[in-house]
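Novice: Got a structure here, written out as structure tokens. Questions coming.
The values are calculated or read from the model by the stated rules, or taken from the named source; none is laboratory data. Nothing here was measured: the structure is a model prediction, and the numbers come from that model. Counting neighbours? That spans all protein chains shown, and the Cβs are built from the backbone with ideal geometry, glycine included.
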Amino acid sequence: MSRLLPYLKWLYSIYAICCAIVLLLLLFPFALFSLLIREPGGSNMLCTACHIYARLWFAMVGIRYREIHAANPRTPEQNIYIANHCSYIDILIMFRAMKIPFRPLGKNEMTRYPVFGFFYKRLVITVNRKDLLSRSKSIIDLKETLKRHIPVFIFPEGTFNESGEPLKRFYDGAFRLALKTGTAIRPLVFVDSLQRMHYRSIFTIWPGVCRVVFLREIDVHHYSAEDSALLKKDVFMKMRNTLEEYNTSYMKLRCESA
């Protein structure tokens, strides 16, 4: 059976990718219709379509979504949501977990793809982290989004964590933004991303549980304007400790796959 497992994973991944394509075609008319709606309503509708897409895909491929709250669930608010990032599936987990319209921060390279890039640019605040002007513009766009009372979602690691550690070093942007705007941070921990799809290939999709831990909201008013490094460290440790608490095999899996 162990010899057959790689082939089963490959076949299952093909099935999951086909499901993703079929759903994309079915929801495409809703994406087109969103273009006719005045902003921010159009982008909000597109975000809702992505949430429905993620729910349907999880159901079709046998991934069981499980939500865990470190504190009593609260009414969704205008927060800066952040999460760890180690797999392509994290994007679908993000849309599955978020039940209100929001704007994610994403790489501007994705806008190069025909059709997909057009809608990506409409929904996502894009950034090239290697370009100072691009980083500055993304901060301005994030501030404007928060002013319109729309939450934002940031992966502070910037890209896939392939370090062999539970978390990769965080960028400063999300924490400086939180302090400058006085916006609370809500960390989410994606516990099982790597087991559901490894970062090395999209042909490693596998069914099972997908846990998302909502940590306590962090009120940034307890920090001074110059405390972005301290805020970043506090959030980093909370997320790292949660990863280790909910998945004791995480470190072993990381070290073996790095």
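Novice: Being touching a Gly at 6+ places or on another chain (Cβ under 7 Å), among the hydroxyl-bearing types (Ser, Thr, Tyr) and surrounded by fewer than 19 Cβ atoms within 10 Å (Cβ to Cβ) narrows it down to one of Thr159, Thr181, Thr111, so name that one.
Specialist: Exactly one of Thr159, Thr181, Thr111 is touching a Gly at 6+ places or on another chain (Cβ under 7 Å), among the hydroxyl-bearing types (Ser, Thr, Tyr) and surrounded by fewer than 19 Cβ atoms within 10 Å (Cβ to Cβ), namely Thr111.
Novice: Output the residues belonging to the range 23-64 that are aromatic (Phe, Trp, Tyr) and more than 22 Å from Ile150 (Cα to Cα).
Specialist: Once the filter is applied, which keeps residues that are aromatic (Phe, Trp, Tyr) and more than 22 Å from Ile150 (Cα to Cα), the range 23-64 yields Phe28, Trp57, Phe58.
Novice: Report yes if Pro166 is within 14 Å of Ile80 (Cα to Cα), modelled with pLDDT of 90 or more and outside any helix (DSSP H, G or I), otherwise no.
Specialist: For Pro166, the condition - within 14 Å of Ile80 (Cα to Cα), modelled with pLDDT of 90 or more and outside any helix (DSSP H, G or I) - is not met.
Novice: Moving on to the next point. Can you pull out the helices (runs of 4 or more DSSP H) entirely within the range 1-104 that have at least 1 residues that are among the acidic types (Asp, Glu) and modelled with pLDDT of 95 or more? Please lay out each step first, then the result.
Specialist: Details: elements: 5-34, 41-61, 89-97.
Result: 89-97.
Novice: Please work out if Phe160 is among the aromatic types (Phe, Trp, Tyr) and outside any helix (DSSP H, G or I). Quick ask: steps written out before the conclusion?
Specialist: Details: among the aromatic types (Phe, Trp, Tyr): yes; outside any helix (DSSP H, G or I): yes.
Judged against the criteria, Phe160 is a match.
Novice: Evaluate the range 176-184: report whether one residue or more is touching a Pro at 6+ places or on another chain (Cβ under 7 Å) and not in a helix (DSSP H, G or I).
Specialist: no
Novice: Within the range 208-246, take every residue that is basic (Lys, Arg) and at pLDDT 95 or above and give me the one that is nearest to Asp192 (Cα to Cα).
Specialist: Arg211
Novice: Now a separate question. Please go through the range 141-193 and give me each residue that is touching a helix residue (DSSP H, G or I) at 6+ places or on another chain (Cβ under 7 Å) and among the β-branched types (Val, Ile, Thr), ordered by number.
Specialist: Val152, Ile154, Thr181, Thr183, Ile185, Val189, Val191
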